[in-house]
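Participant: Questions regarding the structure given below will be posed in turn.
The values are calculated or read from the model by the stated rules, or taken from the named source; none is laboratory data. The shown structure was predicted, so the numbers you read here are calculated from the model rather than taken from an experiment. A quick note on method: Cβ atoms are made from the backbone with ideal geometry, for glycine too, and the neighbour counts reach across all protein chains shown.
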Amino acid sequence: RDRGALVVSDECYLELGWTAQPVSILDPDVCGGSSEGILAVHSLSKRSNLAGYRCGFVAGDERVIAGLVELRKHAGLMVSGPVQAAATAALNDDAHVAVQRERYAARRELLAQALISAGFSISHSNAGLYLWASRGEPALASVAWLAERGILVAPGTFYGSAGAEHVRVALTATDERVRAAVSRL
């Protein structure tokens, strides 16, 4: 921001912090009370389980947002009326977010303990809908070991070289499937 660069914060997991409550880049303690040069991108796919709806919003620098609105008009992209209504309902209801959070927290706890018991370590999993797990071996070896047990995960290499020894374990399976995976670990 000091150099005139636009700072864009992906805040899709803002309400899904596990070890601490994440803080928005637009929090006055973070941005110094000014949203100039800052955008926060939010999605309802995580907090409200509306992934297929493709809806969210951008908050922050009014000047930049005005430009985005103008650009969007000419791009021919429009969120349908029913999806806008669903998004409005979801944004006006925090109760379902608390229920989702509790559900994911329970899955997270079960999977983390089972993975640790199976020799994995968990790291960089302070927020979000997944766990980063490692057995200190190449990611594909862990993928194969888990697949032999009927558990599908993404190799960390999908997300860059830093994930070479990690797998990404999603918390998005049903409670029944999570319990089944835990029993196989």
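Participant: If you go through the range 159-183 one residue at a time, how many are over 16 Å from A112 (Cα atoms) and surrounded by 12 or more Cβ atoms within 10 Å (Cβ to Cβ)?
Facilitator: Of the residues in the range 159-183, 4 are over 16 Å from A112 (Cα atoms) and surrounded by 12 or more Cβ atoms within 10 Å (Cβ to Cβ).
Participant: Return yes when A139 is within 24 Å of Q21 (Cβ to Cβ), touching a strand residue (DSSP E or B) at 6+ places or on another chain (Cβ under 7 Å), modelled with pLDDT of 95 or more and not basic (K, R) and no when it is not.
Facilitator: no
Participant: Could you list all residues from the range 32-88 that are among the hydroxyl-bearing types (S, T, Y) and over 20 Å from Y13 (Cβ atoms)?
Facilitator: Across the range 32-88, the qualifying residues are S34, S35, S80, T88.
Participant: If H124 meets every condition in (1) at negative phi; (2) under 19 Å from the mean Cα position of the chain (by Cα); (3) not acidic (D, E) apart from one, which number is that one?
Facilitator: (1)
Participant: Would you check if A105 is among the hydrophobic types (A, V, I, L, M, F, W, C), in a helix (DSSP H, G or I) and touching a Phe, Trp or Tyr at 6+ places or on another chain (Cβ under 8 Å)?
Facilitator: Yes.
Participant: Out of V58, V41, V69, I need the residue that is of a type in the set (V, I, T) and either at positive phi or in a helix (DSSP H, G or I) (or both). Which one?
Facilitator: Being of a type in the set (V, I, T) and either at positive phi or in a helix (DSSP H, G or I) (or both) holds for just one of V58, V41, V69, which is V69.
Participant: Answer yes if at least one residue in the range 125-134 is at pLDDT 95 or above and assigned to a helix (DSSP H, G or I), and no otherwise.
Facilitator: no
Participant: Tally the residues that are under 23 Å from the mean Cα position of the chain (by Cα) and closer than 27 Å to G33 by Cα, restricting the search to the range 66-91.
Facilitator: So the count comes out to 2.
Participant: Can you name every residue in the range 119-145 that is under 15 Å from A181 (Cα atoms), in contact with a helix residue (DSSP H, G or I) (Cβ under 9 Å, 6 or more places away or on another chain) and surrounded by fewer than 16 Cβ atoms within 10 Å (Cβ to Cβ)?
Facilitator: Result: no residue meets the conditions.
Participant: As an exercise: evaluate G81 against (1) modelled with pLDDT of 95 or more; (2) surrounded by fewer than 18 Cβ atoms within 10 Å (Cβ to Cβ) and give the number of the one condition it does not meet.
Facilitator: (1)
Participant: Right, another one. Out of curiosity, is I116 crowded, with 17+ Cβ neighbours inside 10 Å, among the β-branched types (V, I, T) and not assigned by TED's automatic domain parsing to the domain that holds C55?
Facilitator: It is false that I116 is crowded, with 17+ Cβ neighbours inside 10 Å, among the β-branched types (V, I, T) and not assigned by TED's automatic domain parsing to the domain that holds C55.
Participant: Tell me the residue from L26, L44, L39 that is at pLDDT below 95 and within 19 Å of L91 (Cα to Cα), please.
Facilitator: Sole residue among the options that is at pLDDT below 95 and within 19 Å of L91 (Cα to Cα): L44.
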